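Everything on this sheet refers to the single structure shown next.
The values are calculated or read from the model by the stated rules, or taken from the named source; none is laboratory data. Computed from a predicted structure; not experimentally measured. Glycine gets a Cβ as well: all are built from the backbone with ideal geometry, and neighbour counts include every protein chain shown. All accessible areas refer to the heavy atoms of the entire protein, side chains included, with ligands and DNA or RNA removed. Shrake-Rupley method; radii C 1.70, N 1.55, O 1.52, S 1.80 Å.
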Amino acid sequence: MSYPTIFTTPGVRAFAEEIDAERQRQLAKFGHQHHPDGTGSVPQQEAAALARMECEDAFGSGYGTWCHVLFEETREALAESDPAKLRAELIQVAAVCAAWIHDIDSRPTTA
């Protein structure tokens with residue numbers, strides 16, 4: 001059976017399907033989990049500011065990598081205490097992961 005896709009960005013459907021499969025494994029192993037966020041401390045905010053500067057410096061100097069981008073986005077998420085803003089930051093982390101995975105998948109393979 002063929003299902004229409006709701007995803008239009010290249011690679012996002014495969015990413016979402018893999019995430020869904022991983023979530024199913026997590027649910028089977030751990031069940032539904034509920035934990036405190038543990039985000040928004042002053043040290044986390046300072047680390048986010050440093051990660052932003054490092055990412056900007058790396059790209060400004062021509063050696064920026066996916067690692068820089070993901071590290072910055074993750075640090076920004078960890079620095080956020082407001083649940084709505086934290087959620088938005090986590091979506092950005094997921095989007096960077098999707099973009100990075102798409103980049104990896106689009107590279108020529110050498111055998």
Note to self: What's the total number of residues in segment 56-99 that are closer than 27 Å to residue 13 by Cβ, open to solvent by less than 70 Å² (accessible area, probe 1.4 Å) and among the hydrophobic types (A, V, I, L, M, F, W, C)?
What the structure shows: 12
Next item on the list: Could you check how many residues of segment 62-87 are farther than 12 Å from residue 45 by Cβ and either under 14 Å from the mean Cα position of the chain (by Cα) or among the aromatic types (Phe, Trp, Tyr) (or both)?
Entry: 12
Notebook entry, point to check: What pairs can you find where one residue is in segment 43-56 and free of Cβ contacts under 8 Å to residues at least 12 places away in the same chain, the other is in a helix (DSSP H, G or I), and their Cβ atoms are less than 7 Å apart, with a gap of 6+ or different chains?
Noted result: none
Next item on the list: Return a yes/no flag: does segment 97-110 have any residue that is farther than 28 Å from residue 18 by Cα and over 10 Å from the mean Cα position of the chain (by Cα).
Entry: no
Next item on the list: From (1) closer than 30 Å to residue 8 by Cβ; (2) open to solvent by 60 Å² or more (accessible area, probe 1.4 Å); (3) not basic (Lys, Arg), pick out the condition that doesn't hold for residue 53.
Entry: (1)
